[in-house]
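Scroll down for the structure; my scribbles are underneath it.
The values are calculated or read from the model by the stated rules, or taken from the named source; none is laboratory data. Bear in mind the structure is a predicted one, so any value in this text is a computation, not a measurement. Because the Cβ atoms are built from the backbone with ideal geometry, glycine has one as well, and the counts that use them run over all protein chains shown. Calculation scope for accessible area: heavy atoms of the full protein, side chains included, ligands and nucleic acids excluded. Shrake-Rupley method; radii C 1.70, N 1.55, O 1.52, S 1.80 Å.
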Amino acid sequence: MSQSVIPASDKDPFEIDEVYASLFDDLEPKQYKALKASIREHGVDTAIIIDAENKVIDGHHRLRAVRELRAEGHDIPDIPFVQKPTRVDTLRARRANLARRDGHKKAGVQDYLREHLPEPPDAADTD
């Protein structure tokens, strides 16, 4: 995976697409608290995947946690990200996102990913 980083001293350029974000349920408070604690202690260990327009495809919760922690004054290390995802990155993001969704939201996530990720896999790859 070809990763880049946004240094901790720079403001990240990422944008959360409101339509896409609406397809995702928030993490349970306990899960989100654990995510923030992990990022505070270890930084972001899984790259955020973005499209060519810097819109987040995978990593909404991680990005939100980083932004909140930095606003609270915590020194959070560089944010790893992938802007030109490979087919493997694309499949990973697609499978992870679809696995976390229920019925009606799954179709919306799948449609969005088809429009925003290069080389959408065959339908069999997303089931």
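Working carefully through the options 5, 44, find the one that is surrounded by 10 or more Cβ atoms within 10 Å (Cβ to Cβ), under 14 Å from residue 78 (Cβ atoms), of a type in the set (Val, Ile, Thr) and modelled with pLDDT of 85 or more. Give the derivation first.
On the way: 5 fails: modelled with pLDDT of 85 or more.
Every option except 44 fails the conditions.
Using beta carbons and a limit of 9 Å, which pairs, at least six apart or on different chains, have the first residue in segment 22-35 and in a helix (DSSP H, G or I) and the second one of a type outside the set (A, V, I, L, M, F, W, C) and open to solvent by less than 100 Å² (accessible area, probe 1.4 Å)?
31/61; 32/61; 32/64; 35/61; 35/62
Filter segment 68-82 down to residues that are assigned to a loop (DSSP other than H, G, I, E, B) and closer than 15 Å to residue 44 by Cβ and give me whichever is modelled with the highest pLDDT.
Looking at residues that are assigned to a loop (DSSP other than H, G, I, E, B) and closer than 15 Å to residue 44 by Cβ, I get 74.
So residue 63 ticks every box in (1) modelled with pLDDT under 70; (2) closer than 16 Å to residue 20 by Cα but one. Which box is left unticked?
Exception for residue 63: condition (1).
Among the numbered criteria (1) open to solvent by 40 Å² or more (accessible area, probe 1.4 Å); (2) among the hydrophobic types (A, V, I, L, M, F, W, C); (3) over 11 Å from the mean Cα position of the chain (by Cα), which single criterion is violated by residue 69?
Every listed condition holds for residue 69 apart from (1).
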